[in-house]
1. What strands (runs of 3 or more DSSP E) completely inside the range 515-569 contain at least 3 residues that are modelled with pLDDT of 95 or more, surrounded by 20 or more Cβ atoms within 10 Å (Cβ to Cβ) and in contact with a strand residue (DSSP E or B) (Cβ under 8 Å, 6 or more places away or on another chain)?
2. Kindly indicate whether A449 is assigned to a helix (DSSP H, G or I), among the small types (G, A, S) and touching a helix residue (DSSP H, G or I) at 6+ places or on another chain (Cβ under 6 Å).
3. Taking the conditions exactly as written (over 18 Å from D419 (Cα atoms), surrounded by fewer than 19 Cβ atoms within 10 Å (Cβ to Cβ), in contact (Cβ under 8 Å) with a residue 12 or more places away in the chain and not polar (S, T, N, Q)), does R504 satisfy them or not?
4. Going by the conditions given, is R386 in contact with an Asp or Glu (Cβ under 6 Å, 6 or more places away or on another chain) and either within 24 Å of A103 (Cβ to Cβ) or basic (K, R) (or both)?
5. May I ask you to list the residues in the range 41-58 that are at pLDDT below 80 and surrounded by fewer than 18 Cβ atoms within 10 Å (Cβ to Cβ)?
6. Checking R371 against (1) modelled with pLDDT under 95; (2) surrounded by fewer than 21 Cβ atoms within 10 Å (Cβ to Cβ); (3) in contact with a Leu (Cβ under 9 Å, 6 or more places away or on another chain); (4) basic (K, R), which test does it fail?
7. Restricted to the range 66-104, and to residues that are more than 30 Å from D333 (Cα to Cα) and open to solvent by less than 70 Å² (accessible area, probe 1.4 Å), which residue is modelled with the highest pLDDT?
8. Please find, among A298, A334, A325, the residue that is closer than 30 Å to R377 by Cβ and either open to solvent by 10 Å² or more (accessible area, probe 1.4 Å) or at pLDDT 95 or above (or both).
Amino acid sequence: ARPARPARQAGRRAVGAERAEGSASQRATLPEDLRRALAELAPSEAADVWLGAYEAHFRDSLLGALAAPGDLRAHGAPARRPSAQAVFCIDTRSEGLRRHLEARGGYETFGFAGFFGVPMRFRPWGAADSVDLCPVLVRPVAEVDEHPARPEDASGPRALEGAQGLAGALDAFAAAKKGASAAFVLAEAGGFVAGPLALAKTLAPSRYAHLRARLGGLLVRRPTTIVGPGASVRAMTDDEQALFAETMLATMGLTRGFAPLVLLCGHGSTTENNPYASALDCGACGGNRGASSARVAASILNRPQIRSLLATRGIAIPQDTIFLAGEHETVTDAVRLLDLDAVPDARRAAVAQLQEDLDLAGESIGRERSRRLPGARPATSARLARSADWAEIRPEWGLARNAAFVVGPRALTAGVDLDGRCFLHSYDPAGDADGIALETILTGPMIVAHWINAQYYFSTVDPEVLGAGDKTAHNIVGGVGVLRGCAGDLQVGLPLQSVFDADRPYHEPMRLLVAVVAPRERLEAVVRRNSVLQDLFDGRWVHVVVQDGGAGGWAVRRPGGTFVAWEPSTRTGREPERVWSAR
């Protein structure tokens, strides 16, 4: 359980063999006694020193930019009721969208794992197979099918037959392409159709995608659909639904002060010809898109029966509060609101205003993110083209440069540009005296964030062995993995293009920093109850800092459960926010 050796070796690779003991210019600026001490260390030990300093610099810049304990104590409920609240996934790509939406005024945002507390097996309308929409740590507890909203509508059954037929044809085509001999037969039999389509897909990807969507709409009349308890195959009881809803709301601290509109916003990434597409979708949804989870959770929270049960448990949702579902498309940063047919006429103007502000926030964060992509342009049309281009090796950076998991109220991070590097999970320590909510966060979403962090870490420090190498040479093998070229082993980890910009690492490999706002005693009680946290924290797979609201500010947790007061380990002469924004 103590990975000291792997962490040290990985750190050596992270800084490069020639940099394990520091570059010549770095050594020249070090005090003589420190240079002598480093020279006496073994290469792996020196690498551990440099990795620790690297991580400490990030920790100092982050903690220096976050709100001080006094600021958090002074923060109370909003002076007036927000016009809307939005619950986004904890994904690092949601951080910038939250910041820009709040800047529009009148909005309050929260962070929660993107399955929104409802672990289910979901079958989309017209699909033959179901998908598990929950973290892999959790087993689905219900089976939910998507159905037409009006089964009596004659278009429903006909549309279902058409959708199933089209899905079957596409599955057969995909299976033929992967077959050892069927691919040759397919090229002979269907080349006259596939060839021109491939040419159009190459020369005009955006127009091709638009044409394909229109043809699909002509072939299949998709009806308005519903999800949720009414569409459940293995039904969730009202008590189960109320428990899911209570757990979600209590864990993120949204138990009072509800706005008239509450948006539950999942996310997904639309790409073409991408064997690693699931790495860009929602980890909390098992590597799938999050729209269906948002729709199911919103439908549960809108049910009068569930609200009555929640009221008996101390969570009173006003009658005028409506829960909406939405999905953040992370390639284009557009947000689409869903199931708007159920919105009362009296609320349509407010929903339209929310959509307008989401569009503006998406454009703002889209321009920010585009500036980091090699060769990208910030225009919406250019982002759409990247999404539809089957030759695009880097449609987006995904979660590259992730480095921290922050657990606390939004006041801790509000107004700070975190540069898309932090998982943000909302948490109200004042409403969690028994530590159950904190335990849920640390043993669920934090574990998944650590897995993601480790995946990016090792894919960066050793991209040929622990990553997957150059994706332009990848061949898909039976839908289960990829090879580089025509032979060899199945590749593990992420491709080079997910973590490198040309020959320069874009992802900064460091172990996950977990920053928690909670009493130290509560944190340690949770750690004592969970051996997996003892392995991660005491084994130095992750670093932990805690702020308990006292005058001492942040404290760094050491292996074994001791704490030392945090003090910046370096003096940069610059404001923390500027250090934080530096590349």
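The values are calculated or read from the model by the stated rules, or taken from the named source; none is laboratory data. As the structure is a prediction and not an experimental result, all values here were calculated from the model. Using ideal geometry, Cβ is built from the backbone for each residue, glycine included, and neighbour counts are taken over all protein chains shown. Note: accessible area is taken over every heavy atom of the protein model, side chains too, but ligands, DNA and RNA are not part of it. Shrake-Rupley method; radii C 1.70, N 1.55, O 1.52, S 1.80 Å.
1. Values: elements: 542-547, 554-558, 562-565.
Result: 542-547.
2. Details: assigned to a helix (DSSP H, G or I): yes; among the small types (G, A, S): yes; touching a helix residue (DSSP H, G or I) at 6+ places or on another chain (Cβ under 6 Å): no.
No.
3. On the way: over 18 Å from D419 (Cα atoms): yes; surrounded by fewer than 19 Cβ atoms within 10 Å (Cβ to Cβ): yes; in contact (Cβ under 8 Å) with a residue 12 or more places away in the chain: no; not polar (S, T, N, Q): yes.
Taking the combined requirement at face value, the residue does not satisfy it.
4. Details: in contact with an Asp or Glu (Cβ under 6 Å, 6 or more places away or on another chain): yes; either within 24 Å of A103 (Cβ to Cβ) or basic (K, R) (or both): yes.
It is true that R386 is in contact with an Asp or Glu (Cβ under 6 Å, 6 or more places away or on another chain) and either within 24 Å of A103 (Cβ to Cβ) or basic (K, R) (or both).
5. At the first step, the residues of the range 41-58 found to be at pLDDT below 80 are 41-47.
Result: L41, A42, P43, S44, E45.
6. Result: R371 fails condition (3) only.
7. Across the range 66-104, the extreme among qualifying residues is A68.
8. Working: A298 fails: closer than 30 Å to R377 by Cβ; A325 fails: closer than 30 Å to R377 by Cβ.
Answer to the check: A334.
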